[in-house]
1. Sorted by mean Cβ packing within 10 Å, highest first, what order do the peptides 158-164, 253-259 take?
2. Around HIS112, which amide H atoms from residues at least 5 apart in sequence, or from another chain, sit under 5 Å from its own amide H, with H modelled in the peptide plane?
3. Treating only the Cβ of Lys, Arg, Asp and Glu as charged (+1, +1, -1, -1), what charge dipole size does the chain show about its Cα centre? Round to the nearest 20 debye.
4. Hey, what angle do you get for helix 279-288 against the long axis of the chain, alpha-carbon based, 0 to 90 degrees rounded to 10?
5. Mind running the shape call on segment 174-329? Use the C-alpha gyration tensor, a ≥ b ≥ c as the square roots of the eigenvalues: rounded below 1.5 for a/c, prolate if a/b tops b/c, oblate otherwise.
6. For the chain, take the longest principal axis of its alpha carbons; what is the angle in degrees between that and the long axis of helix 43-55, to the nearest 10 within 0 to 90?
7. Peptides 186-193, 226-233, 118-125, 339-346: what's the order by average Cβ count within 10 Å, highest mean first?
8. Could you report the chain's accessible area per residue, 1.4 Å probe, as an integer in Å²?
Amino acid sequence: MPDKKSKTPPANARARVTDIAAAAGVSTATVDRVLNGRPGVRAATLQKVMKAAAALDYLPESDLYKAMRPRPMQLVFLLPPRSNRYMQMLGDYIGFAEDHLAPFNVRCKYHHIEGFNPRVLAQRLLHYGRQADGVAFMALEHPLVREAVNTLAEEGVHVVTLISDLSNSRRAAYVGMDNRAAGRTAGYLLARFLDRDVTHPGPGRKPGKIAMIAGSLSYRGHEEREMGFQHALEEICPQVQVVGLREGHDDADTNYKQARILLEQYPDLAGMYNIGGASDGVGRALKESGRDQKVVFIGHGLTPDTRGLLIDGTMDAVLTQHPQNMIMNCVRIFGNLRERRDALAGVEAVRISVILRENLP
């Protein structure tokens, strides 16, 4: 009479899902989710299942470590249009920095979107944010944008504001320079370049006129720069007259037109501060008017355009924040949030770099 078949699989037989489930003390459905990388399994349960699979030689060791590693965090960066060269540089860095970001177990994408229409920005924020684990963007100070950020936070999507912050929102962190301090720095530099004694302005000197161009004062960062700039000038060089503020939407052609109007309206214009991007438009207007070596010009963002303007003397100084540091800070913050650490743990504050022709990197 033949022996009954044993219910124990031969020693060289491959373990089955039911064997792993029994060893780990979970259901076969849970094992299936873990082995196929599906969501909905706690980290502790995942480790139990993977250890059981390893003990039963279901997975080779290399596959075990790969499977136990969390899936890459999906991050998306929403940037203003490519006409802003600094924003183009940020996007380019994200595009070619995959090897640098690999140790952080993230996958990064970026999109250039309409940055000055709050309704469109809010819609794009919700659209792309719901496809990701985290989203970083340059915020407009507007209720629609704030509501979109709060909605994503409620849905478990981490939001980081980039370059310009958003007040009273549930964003997780802000990455960027202290914009009020940046404005004050620009005011101090401009006063010094006007060749005035900034501590004791001499009597009888002819007051100079100063103009400003911003991307948009709906950017909190630009508003803070403008306030810091004006306060610094009032304290350091009170005889200087600030004659107005224009908006150029960080577009070179618009900035060019605004600068031409200012130069024609104020023949005695002594200085200009471009609060946002696209300084090449302002530089073109200064050159065409023949006043590129007479008007003190301070701007933001070291790009190939502003580099050229510094070299030929059209610009006197550029305040900048390094694109690589900005992106890496965002990635570190998202990693902290994934690990439930403080968002800014190990993240250095963004520093303001003052670039002159003599110290160009």
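1. Peptide ranking by packing, descending: 158-164, 253-259.
2. Close amide H contacts, sequence-distant or interchain: LEU79.
3. The dipole of the chain has a size of about 1340 debye.
4. Roughly 30 degrees between the two axes.
5. Taking the square roots of the gyration eigenvalues as a ≥ b ≥ c, segment 174-329 is oblate.
6. 50
7. In decreasing order of mean packing, 186-193, 226-233, 118-125, 339-346 become 186-193, 226-233, 118-125, 339-346.
8. Details: 18170 Å² over 361 residues.
Normalised by residue count, the accessible surface of the chain is 50 Å².
The values are calculated or read from the model by the stated rules, or taken from the named source; none is laboratory data. Model, not experiment: these values are computed from the prediction. Virtual Cβ from ideal backbone geometry, glycine too; neighbours counted across all protein chains shown. Heavy atoms of the whole protein, side chains included, go into the accessibility calculation; ligands, DNA and RNA do not. Shrake-Rupley method; radii C 1.70, N 1.55, O 1.52, S 1.80 Å.
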